[in-house]
Amino acid sequence: MKTKSLIRSIALAGLLLTVPLALRAHNGVVHGDHDAHHGGFVMMYRDLHCEVVADAKGGVQLYLTDAARADLPAAVVSDVAVEIERKGFPLESVSMKISASGDFWEGKSKPLVAQGTMIHAAFVFQREPVVVNLPASSVLSKSKKSAAAAPVAPSMSPKSSMGSSEHHGH
């Protein structure tokens, strides 16, 4: 066998062996997409994907999926708390509850304006608190965003357990 053919064969074999490993993440489970299935912002903590969605008219939802992005029941997390911080207004605490279908968490809020509004969400997953701070512009349902709102990247607070290297947002 010629040297070039041997090198190509070894490279191809190496590629075939590493691609399946690259497609697997988080405890050997095939890792799913990071697209927002409900028009919000997707973040990840361990094997849990969490999508926060807000409606400009008011309301916040929290959807949960596994590492492969299969839907999970809302009850996989507990103690869900959401606060909305608007410039010049008092902090609004959103009362969150599991939806009638059991598929997601939901709460009613005053109308949201993306510019300068922050969403603070927290919950407990496998006995660990998870906290994240997101600009409303990143979680407002894409179909309901104001054209005037400039997109802002989510910012994680130093106390946020979403901020370590094993966690990432999308």
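We did not get these values from a lab; they are worked out from the coordinates using the rules stated. Computed from a predicted model, the values in this text were never measured in an experiment. Ideal geometry is used to build each Cβ from the backbone, glycine not excepted, and the neighbour counts take in all protein chains shown.
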- Distance between modelled label sites at residue 101 and residue 75, nm, 7 Å Cα→Cβ extension: 1.8 nm
- Between residue 87 and residue 127, with labels modelled 7 Å along Cα→Cβ, what's the label distance in nm to one decimal, could you check? 4.4 nm
- Once the other residues with Cβ under 10 Å from the Cβ of residue 96 are scored (Lys, Arg +1; Asp, Glu -1), what is the net sum? 0
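When N counts the residues of the stretch 32-146, how does its alpha-carbon radius of gyration compare numerically with 2.2 N^0.38 Å, as a ratio?
0.99
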